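Some notes on the structure that comes next.
The values are calculated or read from the model by the stated rules, or taken from the named source; none is laboratory data. These figures come from a predicted structure and were not determined experimentally. Positions of Cβ are backbone-derived with ideal geometry, glycine not excepted, and every protein chain shown enters the neighbour counts. Protein only, heavy atoms only, side chains kept; ligands, DNA and RNA dropped before computing areas. Shrake-Rupley method; radii C 1.70, N 1.55, O 1.52, S 1.80 Å.
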Amino acid sequence: MSMPKQMEGFWIQDAAIVDFETLAFACSVSPDHPEAENQITPGRLLSFNMTTGEWGYMTYSPFDSPKVVGGQIAGAAKEALFVSGAGHVAKFGYAKGESGLEPDNIFGARGSTRALAYIDGAYYSGGGDARLSRRTETGAWETLHRLGHSLDNPRFWYMVGQSQDLIYLAGPKGVHLWDGQNLIKQVMPDAVMNRDMFAPFHPIGMAQAPDGRVFIAGRDGDLVVGDATSGWAPVVEAKHAGPHAPKKIAWFNGALWGLNATSTVELGDVGWHPRAFPQDKNRPVFHTHLASGHGWFLVCGYQDAAIFDGTRWYRLFGSEASDE
């Protein structure tokens, strides 16, 4: 499928699976966009309905480093939140179908926003100064935890959770648990956190298995697994990471999957191994962003996307894979 006209001039920066048929893509302007050199550049949310083939979109300015997450509040329609790196937030509802998206005004959660998640029927945002915020049913944001400004405070880049009183957050100051009332620092393996004072653990992704285990991937190929009850242990150490270590991770189809620069990979008994899919021309061509949920595994490049159901790939848009 060719690239949709709604994406012309934009690059995908993040993607989300809203429900079994709806995808959302957060985009920023591409380098050849007329406004790419401006200090304030627009961002765009695109929505795609895989059942009807219908696209919808809305453009905002400014919207730097956008992230997107989708879900459905209890008793409400599905929606997607579109969040900028500066903490500006817009909500997109789907009451009128994919081509009739109506955004709320940008609101709340201002300040550096690196972590965004939909957990147990609520949206959460995390950032600097150990800040954790939750979006209420009225659309306002409440601050659950925040410390006074200090360079020593935790900064949250990623979060996962299965309930609102069991949320894990990771950043360059380590891993923390939010138990619904308190933020509790987790004791991580010395081999991971203290291997080099000039190059501490730098998380690049988190994923959670249905049994509650949390996986945290590091920039240098580290992979840690654990939870607050069982403790934490290295699965893959940086020195043994090998050439297939991923830069993004997600739980899918009973296993931990990931993306590196050239391929989709899966965690096996002895580390990471590539999933090649040589006979499937709809397999991903570029491997920049991923999302999983509702039985799907989505892989995106900057201007292409393919989705996997555990058996075969479906190309959404972009170039077909080549066997050459």
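Restricting to segment 164-186, give me the number of residues that are at pLDDT below 90 and not in a strand (DSSP E or B).
2
Give me a count of the residues in segment 284-293 that are in a strand (DSSP E or B) and β-branched (Val, Ile, Thr).
0
Asp309: closer than 18 Å to Trp251 by Cα and of a type in the set (Asp, Glu), yes or no?
Against the criterion (closer than 18 Å to Trp251 by Cα and of a type in the set (Asp, Glu)), Asp309 qualifies.
Within segment 225-283, work out how many residues are free of Cβ contacts under 8 Å to residues at least 12 places away in the same chain and assigned to a strand (DSSP E or B).
2
Restricting attention to segment 137-154, does a residue exist that is open to solvent by less than 30 Å² (accessible area, probe 1.4 Å) and of a type in the set (Val, Ile, Thr)?
No; the residues of segment 137-154 include none that is open to solvent by less than 30 Å² (accessible area, probe 1.4 Å) and of a type in the set (Val, Ile, Thr).
Take segment 109-136 and flag every residue that is under 16 Å from the mean Cα position of the chain (by Cα), modelled with pLDDT of 85 or more and open to solvent by 40 Å² or more (accessible area, probe 1.4 Å).
Within segment 109-136, just Tyr118 meets the criteria.
Please enumerate the residues belonging to segment 29-68 that are open to solvent by less than 20 Å² (accessible area, probe 1.4 Å) and modelled with pLDDT of 85 or more.
Leu45, Leu46, Ser47, Phe48, Asn49, Gly56, Val68
Which ones in segment 207-224 are in a strand (DSSP E or B) and open to solvent by less than 20 Å² (accessible area, probe 1.4 Å)?
Passing the criteria: Ala207, Val214, Phe215, Ile216, Ala217, Gly218, Leu223, Val224.
Counting just the residues of segment 279-289 that are open to solvent by less than 70 Å² (accessible area, probe 1.4 Å) and farther than 26 Å from Lys239 by Cβ, which one comes out nearest to the chain's Cα centre (by Cα)? Quick ask: steps written out before the conclusion?
Of all residues in segment 279-289, those open to solvent by less than 70 Å² (accessible area, probe 1.4 Å) come to 280, 282-285, 287-289.
With farther than 26 Å from Lys239 by Cβ added as a condition, the list becomes 280, 282-285, 288-289.
On the way: Asp280: 26, Asn282: 23, Arg283: 20, Pro284: 18, Val285: 19, Thr288: 11, His289: 8 Å.
Ranking the qualifying residues of segment 279-289, first place goes to His289.
Determine the pairs where a residue that is part of a loop (DSSP other than H, G, I, E, B), located within segment 27-45, has a partner that is at pLDDT below 65 with Cβ atoms under 7 Å apart, the partner being 6 or more residues away or on another chain.
Every condition considered, the pairs that remain are Ser30/Ala36; Thr41/Glu35; Pro42/Glu35.
Could you grab me the full set of residues in segment 251-270 that are over 18 Å from Asp309 (Cβ atoms) and among the charged types (D, E, K, R)?
Answer for segment 251-270, where residues must be over 18 Å from Asp309 (Cβ atoms) and among the charged types (D, E, K, R): just Asp269.
I need a count of the residues in segment 124-181 that are in contact with a His (Cβ under 6 Å, 6 or more places away or on another chain) and among the charged types (D, E, K, R).
Result for segment 124-181: 1.
Among the numbered criteria (1) on the phi > 0 side of the Ramachandran plot; (2) of a type outside the set (D, E, K, R); (3) more than 15 Å from the chain's Cα centre (by Cα), which one does Gly293 miss?
All conditions are met except number (3).
Across segment 237-250, which residue is surrounded by the most Cβ atoms within 10 Å (Cβ to Cβ) among those that are among the hydrophobic types (A, V, I, L, M, F, W, C), more than 20 Å from Tyr314 (Cβ to Cβ) and within 19 Å of the chain's Cα centre (by Cα)?
Ile249
Run Gly231 past the list (1) within 20 Å of the chain's Cα centre (by Cα); (2) of a type in the set (Gly, Ala, Ser); (3) within 27 Å of Leu166 (Cβ to Cβ) and report the number of the one that doesn't hold.
(1)
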